[in-house]
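In what follows, a structure is listed as structure tokens, so that the remarks can point back to it.
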Amino acid sequence: MSKVMAVNAGSSSLKFKLFEMPEEKVICSGNVERIGHTDAIFGIKYNGESHKEVLNVQDHGVAVKLVMDALIKDQIIESYDEIKAIGHRIVQGGPYFSESTIINKDVLDKIESLIPLSPNHNAAELLGINAFMQVLPTTPGICAFDTAFHQTQSEVDKIFPIPYEYTEKYLIYRYGAHGTSHKYLSEEGLKYVNNNIHSRMIVCHLGSGASITAVKDGKSVATTMGLTPTGGIMMGTRTGDIDPSVFYYVCKQTGKDPETIYQEFSKKSGLKGVSMISDDSRDLENAALKGDKQAILANDLWARRVADFIGQYYVRLGGCDLIIFSAGIGENSSLYRKLVLDNVKEALHLEYDEKINEEIHGGKEGILSTANSAIKVVVIPTNEELMIARDAYNKLLK
């Protein structure tokens, strides 16, 4: 048995989950929020109990030390040496990584070079890696890249119709994201298709950030997110794919610079922009129930964009055996699932049980489709941390 930690660092946050491997037993989990502030929040869950405290946490180094000392204080571990491996989630791996990779200088340099493609993620994730290397200098680690699973896309599926010299010179491709989640879900989905690795799946990771992946023979053949996580389907605050002239036209009409408009399209659009209320689907569900027209419009537009890609991927796969819903919205919102399924059910000869759909939320797994449905539809809670821990164990300890 070996203790392995899965880490997800943000610009002002640090999430972690400690596993006993290879049993895949969760020992504890927690997070540090508002790093860089005197009122940072540290929370930890262990043995069914949760504890939170407000502390002065000035940087990621302090956050990591806080986490490790808490593990000892709570007698979860007796010494730092008990942590045998660490897996770090990295959003953007560019064209360099097709699988999780052991950390070394070359890997860190490549992650740093890709910051322009994911400025909100890669820089923060590097901070997390360096902080753990300072506190646990002899503990080996791996990077699990959200883009790795999508490296199996063909060139036709991953390039954009721009002058090809830009594609080659600037490495402009549809890199995708949420690959760790899509890989986990496609593997878990096999039990619903008689463990047939050659099955065709449409995996819907639907949270505030969201993406859909077409999976065939266990491999990603197409995915919605593009060069950056702003592309693809409409999301909580992101536009997803739009006519590029919209960007040019808004800049010209408003007089705002491209950086300002890009930030608005990334952080003030999607559900938030259309509804003019919130980027949280729960708020929009409540508003829609009260008859708010903008909330209804936002919800309907979101569902239509998801349905459009499901239809596109049905064609790309030459059919579909399984549709998977997951992540925050996909796992918990019966309304949003219903809106999507109602958009595609006639064309795809799909039938689902509305009562069961309403009952599945809060981490439950289950089948939504009926026996008469041409395609099986399921809800599977995702578990990116487990995939990261598996890769760390398999590459460093097995």
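With a cut-off of 12 Å between beta carbons, the residues surrounding Ile375 carry a summed charge of +1, where Lys and Arg count +1 and Asp and Glu -1. Each of Asn56 and Asp39 was given a label point 7 Å from its Cα along the Cα-to-Cβ line. The distance between the two points is 1.6 nm. Using 0.36 nm per residue and subtracting the Cα-Cα separation, the extra length available between Tyr80 and Val156 on full extension is 22.6 nm.
How much net charge surrounds Met387 when only the other residues with a Cβ under 14 Å from the Cβ of Met387 are counted, with Lys and Arg +1 and Asp and Glu -1? Taking every Cβ under 14 Å from that of Met387, the sum is -3. With the helix formula -39500 (n - 2.57) applied to DSSP H stretches of n ≥ 4, the chain reaches a computed 222 nm mean residue ellipticity of -12000 deg cm²/dmol. What whole number of Å gives the distance from the Cα centroid of the range 149-188 to the Cα centroid of the range 10-61? Rounded to whole Å, the Cα centres lie 32 Å apart.
Under 13 Å from a label point 7 Å along Cα→Cβ of Lys267: give me every residue in the range 237-258 with its amide N that close. Of the residues in the range 237-258, 237-238 have backbone N under 13 Å from the label point off Lys267.
For the range 156-280, the convex hull drawn through the C-alpha positions has a volume of 121 cubic angstrom per residue. The trypsin sites (Lys or Arg not before Pro) of the range 121-200 include none that DSSP puts in a loop with a beta carbon having at most 10 other beta carbons within 10 Å. Taking amide H atoms as placed 1.01 Å from N in the peptide plane, the amide H of Gly232 lies under 5 Å from those of Gly226, Asp241, each 5 or more residues away in sequence or on another chain.
Once the Cα atoms are used to define both axes, helix 258-267 deviates from the longest principal axis of the chain by about 90 degrees.
The number of Lys pairs in the range 185-311 with C-alpha atoms less than 25 Å apart, excluding pairs fewer than 8 positions apart on the same chain, is 13.
Normalising by residue count, the chain has a Cα convex hull of 159 Å³ per residue. For the chain, the longest principal axis of the Cα atoms and the long axis of helix 334-348 meet at an angle of about 50 degrees. Note on Leu397/Gln253: beta-carbon distance plugged into 1/(1 + (r/R0)^6) with R0 of 51 Å gives a FRET efficiency of 0.35.
You can think of it this way: the chain between Leu190 and Asp280 has 29.3 nm of extra reach, that is 0.36 nm per residue less the Cα-Cα gap.
Would you kindly state how much longer the chain becomes between Val246 and Asp106 on full extension, computed as 0.36 nm times their sequence separation minus their alpha carbon distance, in nm to one decimal? List each step's numbers first, then the result.
Numbers: separation 140, 0.36 × 140 = 50.40 nm, distance 3.90 nm.
Answer, rounded to one decimal: 46.5 nm.
Here the range 2-145 carries DSSP beta bridges of which approximately 75% are antiparallel, counting only pairs with both residues inside.
Report the calculated FRET efficiency for Thr370 and Glu346 (r = Cβ-Cβ distance, R0 = 22 Å), to the nearest 0.05. Provide the component values of the computation, followed by the final result.
On the way: r = 15 Å, r/R0 = 0.68.
Approximately 0.90, to the nearest 0.05.
Each reported figure results from applying straightforward, stated rules to the coordinates on display, with no laboratory input. This is a predicted model, so every value here is computed, not measured. No Cβ is skipped: glycine too gets one built from the backbone with ideal geometry, and neighbour counts run over all protein chains shown.
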